[in-house]
Amino acid sequence: MGKIIGVLTAMSVEYKQIASILTDARKEKYGPHEFLVGKLAGNTIVLLQSGIGKVNAATGVTNLIVNFKPDSVISTGVAGGIDVCLKIMDVVVSTQACYHDVLCGDDVDPGQIQGLPRIFCCDKGMVEVAKSLQTDVRIVPGLICTGDQFITNREQLNVIKATYPEGLAVDMESTAIAQVCYLFDIPFVSFRIISDTPGAEEHFEEYLNFWQTMADKSFSVTRLFLNNL
């Protein structure tokens with residue numbers, strides 16, 4: 001018997017690419033969210049375009065968990081690379097996720113919401129599946145840092161890297177989803193395709209060029225991963 005896998009995307013480009021590989025797809029609406037439910041490799045995929053940012057991601061995954069009770073949850077999308085080891089088109093798979101824009105007071109570590117872990121650990125089994133994929137796209141496991149900011153300059157990058165030296169990428173959704181999955185005890189992993197390298201020359205041009213010329217190839221990793229679960 002197949003598993004139920006929740007998949008969240010922030011943007012329509014990502015959503016359409018995953019929707020195109022589902023069979024027997026139907027739409028189900030709960031509250032503000034319209035889910036696409038279909039089949040892939042013997043599993044049931046519950047797909048949602050949650051929208052950009054932490055609140056959209058958290059409300060979307062909560063609604064998905066309550067109504068569909070998934071066996072696991074995957075977040076897929078793009079991120080900015082914040083480590084010199086990464087290049088555009090690399091895929092970061094989250095071993096851990098943290099917030100780079102949270103500060104709850106002097107008695108709590110930067111990035112930590114009081115009463116919760118400073119860093120959320122992602123599912124080791126799913127990370128191992130991702131690392132074993134045979135693909136010409138480089139897959140790099142590591143820490144994803146999340147905040148409600150599109151990081152565009154070296155000063156912002158330096159602050160994040162000083163707080164989380166092991167951080168590989170920054171996005172706007174992964175840790176919010178990781179936090180909800182932690183609370184519901186649902187295995188979670190995030191895939192983030194590196195679209196740009198903040199702090200570099202012509203950073204925003206890198207981002208625009210990614211969407212115009214490279215996105216289709218990079219999402220083959222997510223498709224391969226879903227087929228191997």
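The values are calculated or read from the model by the stated rules, or taken from the named source; none is laboratory data. Please read these numbers as outputs of a predicted model, since none were measured by experiment. When we count neighbours, we look across all protein chains shown, and the Cβ atoms used for this are built from the backbone with ideal geometry, even at glycine.
Observations on the model:
- Residue that is nearest to Val7 (Cα to Cα), among those in region 42-96 that are in a loop (DSSP other than H, G, I, E, B) and of a type in the set (Val, Ile, Thr): Ile52
- Checking the stated criteria, Ser94 turns out to be of a type in the set (Ser, Thr, Tyr) and under 18 Å from Tyr164 (Cα atoms).
- Set Asp136, Asp148: member being touching a Gly at 6+ places or on another chain (Cβ under 6 Å) and either small (Gly, Ala, Ser) or part of a loop (DSSP other than H, G, I, E, B) (or both): Asp148
- Index of the failed condition, Asp136 passing every other in (1) within 18 Å of Phe188 (Cα to Cα); (2) surrounded by fewer than 15 Cβ atoms within 10 Å (Cβ to Cβ): (1)
- Residue in region 114-172 that is nearest to Cys98 (Cα to Cα), counting only those that are under 13 Å from the mean Cα position of the chain (by Cα) and among the small types (Gly, Ala, Ser): Gly147
- Looking across region 46-64 at every residue that is among the aliphatic types (A, V, I, L, M), in contact with a Ser or Thr (Cβ under 9 Å, 6 or more places away or on another chain) and free of Cβ contacts under 8 Å to residues at least 60 places away in the same chain, the one that is surrounded by the fewest Cβ atoms within 10 Å (Cβ to Cβ) is identified as Leu48.
- Some residue of region 217-226 being at pLDDT below 85, closer than 30 Å to Lys39 by Cα and more than 17 Å from the chain's Cα centre (by Cα): yes
- Any hit, region 160-170, residues being out of contact with any strand residue (DSSP E or B) (no Cβ under 6 Å at 6 or more places or on another chain) and either among the acidic types (Asp, Glu) or outside any helix (DSSP H, G or I) (or both): yes
- Here region 65-79 is the region considered, the condition is being out of contact with any Lys or Arg (no Cβ under 9 Å at 6 or more places or on another chain) and in contact (Cβ under 8 Å) with a residue 40 or more places away in the chain, and the residue that is nearest to Val137 (Cα to Cα) is Ile74.
- Residue count for region 15-45, restricted to those that are in contact (Cβ under 8 Å) with a residue 60 or more places away in the chain and on the phi < 0 side of the Ramachandran plot: 6
- Consider region 110-133 and keep the residues that are in contact with a Cys (Cβ under 6 Å, 6 or more places away or on another chain) and free of Cβ contacts under 8 Å to residues at least 40 places away in the same chain. The one that is surrounded by the most Cβ atoms within 10 Å (Cβ to Cβ) is Ile119.
- Whichever residue in region 82-93 is touching a Leu at 6+ places or on another chain (Cβ under 7 Å) and within 19 Å of Val127 (Cβ to Cβ) and, among such residues, is modelled with the lowest pLDDT: Leu86
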